[in-house]
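Reading through the structure tokens given below for one structure.
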Amino acid sequence: MAQIMLVEDDAVLVEMYAAKFELEGHETIVATDGEMCLRLLETVKPDIILLDILMPKMNGFHVLKEIKKRTELRNVPVILLTNLGEAEVDMNQELAHALGVHDYLIKSHHTPDEVIAKVKKAVGI
Amino acid sequence: MPNRPAKQLDAAGAANNSPIAIDFARIQELLPTGLLVFDTELVLTYFNAKTRELLGCVDADQGLALEEVAKRLVNRSPGSMAAFVGQMRLAVEQSRKGTSTNTELEVDTAGVSRHLQMIVIPDGAKAPYGALVSLRDVTELVINQQKMAVLSANIGEGVVFLDPQGIVTDCNDEWLQLFELDGPIVGEPVADVLAAAQRIEYDQDQEHIAANVLAGKRTNVYAHLKQSNRHMQIVVTPVLVGGEISLILATARDITALIEKTIEANDMARRAQRHLRELSELAELSSIIGFNNDQTYQKYINKTASLLQSSGVAIYIYRPGSQQLVRVGASDEHLLPERISLVDDSPVAKCYVTARTVGWYIETGNGSGHYLAVPIAVSSKTLGVIVVDGRTRPYGEHDIRLLKLVATRLAVLVENINLYEDVNARRERWEAVFQFTDEGIVIFDRHSRIVGFNPASVRITRYSLAEALGQPFTKVVRPVSEEGVDMSMASPIRKVLGEGAAITDAEQLLATKNGDQVWTQISYSPVFDSSGRVTSGIAIIHDVQKDREIEEIKSDFISIVSHELRTPLTAIKGFLSMIIQKDFGDLNEKQFHFLSRVYQSNQRMIDLVEDILDVSSIESGKIKLNPQPLAIEGLVNEVVTELASKGFERQIMLKLGRRKKLPLILADEVRLRQVMINLVDNAIKYSLPNTVVSVDLKVVGEELVVSIADQGVGISPANFERLFTKFGRVYNPMSLQAGGTGLGLYIVKNLVESHGGRIWVTSREGKGSKFSFSLPLARQLPLLGS
């Protein structure tokens with residue numbers, strides 16, 4: 001049982017991941033853009049953050065940088081969950097790892113099952 | 001008359017010592033003539049002093065009889081004296097009968113030889129007469145006569161002596177020969193003799209000649225013997241004695257050779273003069289240059305007309321393609337047509353086709369006269385024909401030679417004109433290309449200064465023509481890095497000029513005059529002179545800024561579209577996976593089966609999007625490899641393990657050939673994994689059930705070769721090339737169920753090649769295929785900086 005923050009602007013994907021997480025018995029906190037994510041993080045401290053990159057208002061990298069600035073959140077694993085292309089992935093992966101990301105997943109490559117497996121592994125349950 | 005002095009002598013001799021008689025006696029002694037007097041008894045009664053000299057008479061001879069005197073004389077001078085004395089005795093005998101004799105004899109007297117004229121006349125009033133002998137020494141005369149005879153015989157000229165009436169008195173053989181006269185002509189009028197033998201033409205009237213000679217003048221006459229065509233010089237000299245003409249001497253010599261030589265010399269001089277004029281005209285022709293063709297041709301026509309003294313001249317040039325000779329120039333009087341077809345039965349066409357001189361004559365009409373056509377040819381290539389016409393006089397060898405000389409010069413000119421027009425046309429075409437092409441063309445000299453700059457170059461660099469000309473190449477075509485750092489040193493212009501190297505499509509970012517940056521592709525080419533030295537160079541600048549922008553837009557477009565596709569595909573995949581996993585309750589068998597099909601189809605779409613993105617990044621060059629030394633065994637193990645379950649589903653066994661430890665290779669791990677997955681996955685897809693897919697690794701030279709072999713249906717060699725092209729899928733019974741995007745092998749090939757490797761396939765239809773690729777070994781790479 002973990003508290004998962006899902007930062008995702010696509011409502012269908014939110015519904016999909018949330019359905020799976022709920023099914024597995026996890027709590028899902030949803031933020032639909034970067035700013036909302038950072039605002040919510042002022043009040044909650046999730047066990048893990050699943051972070052999209054391309055989002056309105058503030059992109060995932062900015063959000064990630066802000067998160068890593070906050071000492072209380074530094075230990076919260078962040079998994080980047082994106083649909084950026086392969087070429088960007090190469091570039092972004094490097095950047096993401098430099099920013100201290102836990103994992104980097106391409107959404108279309110993974111079923112929700114596989115995602116939850118990664119989450120569980122990351123939070124250690 | 002002859003008797004009278006004898007009488008007086010006789011009387012003088014009788015009248016001794018009378019002063020008159022003494023005078024006579026002295027005179028007689030001094031006479032240059034020898035005198036002997038015989039009386040009727042033939043006793044020598046008198047002889048004068050000269051007789052002593054001429055005959056050798058001595059005082060004792062006087063009073064002796066003729067017989068005795070004769071004996072004594074012969075005794076004193078033996079030899080010819082005997083004959084002389086004999087003759088004298090005969091003459092004296094004759095005179096006793098009243099007959100005079102006149103004899104000329106040669107006689108030796110005391111060793112002196114003389115010619116003597118002996119005149120013996122009867123002395124006395126009636127017979128028997130005595131004899132008066134007169135002796136005249138004519139030795140000198142005889143010698144002179146002999147001299148004259150020898151002279152006239154050997155003089156080598158014809159000599160004739162005439163009396164004042166023009167009657168021949170003597171002539172030598174030479175004269176007879178010169179005038180081809182048969183017989184003796186002495187006693188005949190010389191003019192008649194000559195006129196009878198020869199048709200003679202004198203350079204002056206015969207009356208005039210006669211008048212001149214009779215006036216005592218030496219007269220020079222030239223005569224032409226018409227039959228034998230010989231020329232004579234006759235010198236007529238009157239010999240005057242006491243103001244009267246006593247005889248006329250005429251000498252003649254054959255001057256035919258002289259006259260001929262003179263005529264020849266004159267002729268040569270005349271011809272030399274003509275040649276000189278022709279040569280100077282031809283020289284003028286050679287100096288005619290210039291590219292105003294009409295004018296140039298006209299000059300040729302005028303010169304030719306003057307050289308050949310022909311009023312009509314025309315120049316025809318063959319126009320390729322038209323099968324026609326076209327008149328490019330003609331004098332006003334020229335009458336031949338403007339165009340002559342080669343198939344026409346025209347002497348001009350014949351001249352062109354046969355490349356030979358043709359002459360003809362038109363008898364009647366406006367264009368009557370002699371015509372001559374000579375081909376205008378240069379090194380066996382006939383360019384046209386030059387025609388001269390309208391001459392009443394036929395054209396001879398010399399005219400042909402002249403016209404050929406003109407044609408030779410004209411050929412050079414025509415060839416030059418053709419070349420010029422050709423070059424000009426080419427130049428104009430190139431000029432048009434230079435002006436209107438979108439490619440920037442910059443021409444630079446040996447010192448890399450700009451000497452040519454076309455409008456497209458102006459558009460690309462923003463420097464005007466005036467600003468660019470004379471500037472160093474890299475000051476105008478300014479290479480910069482993306483950060484705007486000047487990269488002039490990186491310009492290959494030195495290499496082009498220094499090494500004569502050509503460089504194609506070098507990507508280069510340029511800074512324009514107004515500070516913008518523009519991506520270009522520049523090709524450089526050196527320009528060589530005939531000895532192979534680089535004299536200049538040309539740079540062709542292709543503005544690829546737009547291409548790049550379009551490429552970027554395309555790439556972005558693909559990326560965005562792919563993105564937008566990925567999100568719904570992710571949703572489908574995610575929801576379906578949950579449903580199939582029965583997260584939300586049971587499914588009946590059909591539902592499960594069909595939803596599994598939907599899931600598979602969705603997965604193919606996801607794969608396609610991935611492949612399209614890969615192809616897009618490969619083609620835009622965005623794919624960046626991160627090659628590192630890598631142990632391939634681990635990676636291959638992982639891939640085989642990953643795909644083993646898929647193989648198992650299809651009853652296909654994956655077999656990894658075991659090897660001793662392999663050297664490191666140089667590769668991007670992520671991409672190499674992609675290559676391996678692709679190839680092994682393909683092998684599984686195209687395998688028949690219950691077969692083996694084997695993966696082998698081996699080192700070949702400086703490369704590692706990875707082979708993936710299946711036991712599937714195989715591929716026809718005809719399709720090997722096609723396999724690696726975009727969407728170049730080969731359709732076989734397996735491909736339908738195998739699925740796939742048709743981009744996999746294209747991507748694999750590009751990734752392998754990006755690593756510096758190669759990929760190939762071997763196959764036997766019905767037996768299986770083997771895909772192999774090579775990768776460079778890590779140790780092969782030189783260390784940085786070495």
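A few comments on the model shown:
- Of residues in segment B:417-444 being in contact (Cβ under 8 Å) with a residue 40 or more places away in the chain and surrounded by fewer than 16 Cβ atoms within 10 Å (Cβ to Cβ), the one farthest from residue B:469 (Cα to Cα): B:420
- Residue selected from segment B:379-414 under the condition part of a helix (DSSP H, G or I) and small (Gly, Ala, Ser), by the criterion surrounded by the most Cβ atoms within 10 Å (Cβ to Cβ): B:407
- The residue that is most open to solvent (accessible area, probe 1.4 Å), counting only those in segment B:593-640 that are part of a helix (DSSP H, G or I), facing another protein chain (nearest Cβ under 10 Å) and closer than 15 Å to residue B:556 by Cα, is B:612.
A quick yes/no check of all residues on (1) open to solvent by 60 Å² or more (accessible area, probe 1.4 Å); (2) more than 30 Å from residue B:172 (Cβ to Cβ); (3) modelled with pLDDT under 85:
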{"residue": "B:55", "(1), (2), (3)": "no, yes, no"}
{"residue": "B:65", "(1), (2), (3)": "no, yes, no"}
{"residue": "B:84", "(1), (2), (3)": "no, yes, no"}
{"residue": "B:90", "(1), (2), (3)": "yes, yes, no"}
{"residue": "B:106", "(1), (2), (3)": "yes, no, no"}
{"residue": "B:128", "(1), (2), (3)": "yes, yes, yes"}
{"residue": "B:132", "(1), (2), (3)": "no, yes, no"}
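- Against the numbered list (1) touching a residue at least 24 places away in the same chain (Cβ under 8 Å); (2) farther than 27 Å from residue B:725 by Cβ, residue B:579 comes up short only at (1).
- Filter result for residue A:49 (touching a residue at least 24 places away in the same chain (Cβ under 8 Å), more than 14 Å from every other protein chain (Cβ to nearest Cβ), within 19 Å of residue A:111 (Cβ to Cβ) and outside any helix (DSSP H, G or I)): no
- Number of residues in segment B:532-576 that are in a helix (DSSP H, G or I) and more than 7 Å from chain A (Cβ to nearest Cβ): the value is 21.
- Test result for residue B:674, under 18 Å from residue B:751 (Cα atoms), surrounded by 15 or more Cβ atoms within 10 Å (Cβ to Cβ) and within 14 Å of another protein chain (Cβ to nearest Cβ): yes
- Test: residue in segment B:585-592 that is modelled with pLDDT under 90, surrounded by fewer than 12 Cβ atoms within 10 Å (Cβ to Cβ), away from chain A (no Cβ under 11 Å) and farther than 30 Å from residue B:613 by Cα: yes
- Scanning segment B:333-373 for residues that are of a type in the set (Ser, Thr, Tyr) and modelled with pLDDT under 85, we see that the one that is nearest to the chain's Cα centre (by Cα) is B:368.
- Residues satisfying the stated conditions in segment A:66-117, i.e. within 14 Å of chain B (Cβ to nearest Cβ), at pLDDT 85 or above and part of a helix (DSSP H, G or I): A:107, A:108, A:109, A:112, A:113, A:114, A:115, A:116, A:117
- Within segment B:168-263, strands (runs of 3 or more DSSP E) holding 3 or more residues that are surrounded by fewer than 16 Cβ atoms within 10 Å (Cβ to Cβ) and in contact with a Ser or Thr (Cβ under 9 Å, 6 or more places away or on another chain): B:230-241
- Of residues in segment A:1-21 being within 14 Å of chain B (Cβ to nearest Cβ) and under 20 Å from residue A:76 (Cα atoms), the one surrounded by the fewest Cβ atoms within 10 Å (Cβ to Cβ): A:18
- Filter pass, residue A:29 being more than 14 Å from every other protein chain (Cβ to nearest Cβ), open to solvent by less than 10 Å² (accessible area, probe 1.4 Å), in a strand (DSSP E or B) and at pLDDT 90 or above: no
- Residue B:283 meets the conditions (1) more than 24 Å from the chain's Cα centre (by Cα); (2) surrounded by fewer than 13 Cβ atoms within 10 Å (Cβ to Cβ); (3) within 29 Å of residue B:424 (Cβ to Cβ); (4) among the hydrophobic types (A, V, I, L, M, F, W, C) in every case but one. The failed one is (1).
The values are calculated or read from the model by the stated rules, or taken from the named source; none is laboratory data. Since the model is a prediction, treat every value here as computed from it, not as a measurement. Reconstructed Cβ throughout: ideal geometry from the backbone, glycine too, with neighbour counts over all protein chains shown. In case anyone asks, the SASA skips ligands and DNA or RNA and just uses the protein heavy atoms, side chains included. Shrake-Rupley method; radii C 1.70, N 1.55, O 1.52, S 1.80 Å.
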